[in-house]
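Since the structure comes first, as structure tokens, the remarks are kept for the end.
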Amino acid sequence: MRIKVLILGLVCLFSISIFAQETKTHFREAAWGMSQEQVKKIEKSDFIKKEYSKTTGLDILAYKGQAGNLECLIAYYFAENQMVEGRYVFTEEHMNNNLFIQDFNEVKNALKEKYGEPKEDEIIWRNDLYKDDSSGWGTALAVGHLVFQAVWKLSDTEITLQCYGDNFEVEHRLQYKSIIEKHVQLVKKALEKAKKVIW
């Protein structure tokens, strides 16, 4: 009887383990390799459009929603109808550009809580004009003098958080990318195909 209970327990444990693997998600509620139809069924944010990127050769599903407390565009990228990338493009607007740095740090701290310390955590100065005056860092960001970047590398996913600017336009985005070899090759193939069309 004790052996039967033990075997039953092991079977249940194995089943739970398999179920957990099957339901693993990588970007929001979606998993790498999902089709566009599968993503459409699970994404509850407001659908904006479907488009094809002539630059990357990838198909994109775009939505409007929120990540944490920040308004954003949510984009899913597909190569041969397999999800290979997900992206948040934050759309918050600020009169004070220093608040974009605050947003970046809030998102970075949330990611650190979930994934641990980033593999890369960089403050990149392209021009040192405002470097010694932290009150001017927002301006440095907006004109392209300053870039913030943090990168996490998981077993099957690379996560990149960036905040940078140009001509007083600030871009703050968070990218999740599959680094599973099959998906890396699909992305490469899509890019090569797009280049051929351009030329």
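The values are calculated or read from the model by the stated rules, or taken from the named source; none is laboratory data. Everything numeric here is computed off the predicted structure, so don't read it as measured data. We place every Cβ from the backbone using ideal geometry, glycine too, and count neighbours over all the protein chains shown.
If only one of Ala79, Ala142 is in contact with a helix residue (DSSP H, G or I) (Cβ under 9 Å, 6 or more places away or on another chain), small (Gly, Ala, Ser) and within 27 Å of Ala194 (Cα to Cα), which one is it? When all the criteria are applied, what remains is Ala79. As for region 150-157, it holds at least one residue that is under 22 Å from the mean Cα position of the chain (by Cα), basic (Lys, Arg) and either modelled with pLDDT of 95 or more or under 22 Å from Ala31 (Cα atoms) (or both). Looking only at region 35-85, residues that are surrounded by 14 or more Cβ atoms within 10 Å (Cβ to Cβ) and either among the aliphatic types (A, V, I, L, M) or assigned to a helix (DSSP H, G or I) (or both) come to 17 in all.
In summary, strands (runs of 3 or more DSSP E) completely within region 91-175 and bearing 1 or more residues that are of a type in the set (Gly, Ala, Ser) and either touching a residue at least 40 places away in the same chain (Cβ under 8 Å) or surrounded by 18 or more Cβ atoms within 10 Å (Cβ to Cβ) (or both) occur at 146-153, 157-166. Residues that are farther than 22 Å from Tyr52 by Cα, surrounded by fewer than 16 Cβ atoms within 10 Å (Cβ to Cβ) and free of Cβ contacts under 8 Å to residues at least 12 places away in the same chain do occur in region 179-192, at least one of them.
For region 65-102, filtered to residues that are over 23 Å from Ile42 (Cα atoms) and in contact with a strand residue (DSSP E or B) (Cβ under 6 Å, 6 or more places away or on another chain), the residue that is modelled with the highest pLDDT is Phe100.
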